[in-house]
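Here is the structure we will look at.
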Amino acid sequence: MEGMNVMELIIDRVTKNYGSKIACDRISTTLHNGVYGLLGANGAGKTTLMRMMCGLSKPTSGNISYNGIDVSREEYRDMLGYLPQNFGYYPEFTAQDFMMYIAALKGIPKSRAKARTAELLEMVSLKNEARKKIKIFSGGMKQRLGIAQAMLNDPQILILDEPTAGLDPKERVKFRNMISRMGADRIILLSTHIVSDIEHIANTILVMKSGQLIHEGSLDEIISVIGGKVWECIVSAKTADELSLKYPIINTRNENGSVFLRLVSDKKPCGNAENAQATLEDLYLYYFNEEMTEGCAI
């Protein structure tokens, strides 16, 4: 499509401090059209970065711009769609009324808003629920409505924070397919703890840890970081307990009185361990095992 090549969202040495805490630390990257997956444990700085990209939070230092337009300008917001992690709904509104209300807030003319609302509610499989009140919606239906409202102004940049929260597996597949289709002619950034969602649809994966962008690349490029570090072995229950104290355990199951383990380790963890093909989930556990053991949700 014409204009695709000029899509350029530049994040230039962006830092965000909250007092003495550094939430984002000198992050630099450039996004073009396509789907980007933002991966990291809770507290990694993902939501802070996304809020700055939406112009809702001002960087302590650094700049974010889209095709030369600073994110603080109204012109930029007109091109932006955003679904925050905890999106507010009006329970007494119908889905259609809610969409029209959000459209009015975004300054979309009523005639266009009505047509766009009908189109989007059909796209997220809520056409038959258009006149039903949001208070009777399931979590997944509310999340689909949130995705629809983010698309009202046909944004060039779509930022989704935990968009698959509350979706069942079937709904997640439909969402992934929808996002994949939309990514051809816009920039889409989504953050999720569901690693498989990113694995299936992201053209580029961004990995954040402790406020820093530590990796960026395609799925194969990202996974290559732990090539040769994923192992599988069958051991006794006692050995399994010992290994679980030393290494991130990805998978475990009982097998005829023994224990099958899949784990991540820089070196061979035990005598009969064999290398296995690495996945994005393996990488997640390799980098964020410490946060998980400290009780941080994934």
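The values are calculated or read from the model by the stated rules, or taken from the named source; none is laboratory data. Everything quoted here is computed from the prediction, not taken from an experiment. Here the Cβ is made from the backbone with ideal geometry for all residues, glycine too, and neighbour counts use every protein chain on show. Note: accessible area is taken over every heavy atom of the protein model, side chains too, but ligands, DNA and RNA are not part of it. Shrake-Rupley method; radii C 1.70, N 1.55, O 1.52, S 1.80 Å.
All of (1) open to solvent by less than 70 Å² (accessible area, probe 1.4 Å); (2) in contact with a Phe, Trp or Tyr (Cβ under 7 Å, 6 or more places away or on another chain) hold for Gly34 with one exception: (2).
For the stretch 259-266, indicate whether the set of residues that are touching an Asp or Glu at 6+ places or on another chain (Cβ under 7 Å) and more than 28 Å from Leu39 (Cα to Cα) is non-empty. So far as the stretch 259-266 goes, no, none of its residues is touching an Asp or Glu at 6+ places or on another chain (Cβ under 7 Å) and more than 28 Å from Leu39 (Cα to Cα).
Among the listed residues Asp161, Asp220, which satisfies the condition of being crowded, with 16+ Cβ neighbours inside 10 Å, of a type in the set (Asp, Glu) and on the phi < 0 side of the Ramachandran plot?
Asp161
A search for C-beta distances below 6 Å between a residue of the stretch 100-117 that is touching a residue at least 40 places away in the same chain (Cβ under 8 Å) and any residue that is open to solvent by less than 70 Å² (accessible area, probe 1.4 Å) and assigned to a helix (DSSP H, G or I), counting only pairs 6+ apart in sequence or on different chains, returns Ile102/Gln149; Ala103/Ala113. Taken together, the residues in the stretch 226-274 that are surrounded by fewer than 16 Cβ atoms within 10 Å (Cβ to Cβ) and either under 23 Å from His200 (Cα atoms) or touching a Pro at 6+ places or on another chain (Cβ under 6 Å) (or both) amount to 3.
Going through Lys135, Lys58 one at a time, which residue ends up being open to solvent by 60 Å² or more (accessible area, probe 1.4 Å) and out of contact with any strand residue (DSSP E or B) (no Cβ under 9 Å at 6 or more places or on another chain)? Show your work before the answer.
Values: Lys58 fails: out of contact with any strand residue (DSSP E or B) (no Cβ under 9 Å at 6 or more places or on another chain).
Checking each option against the conditions leaves just Lys135.
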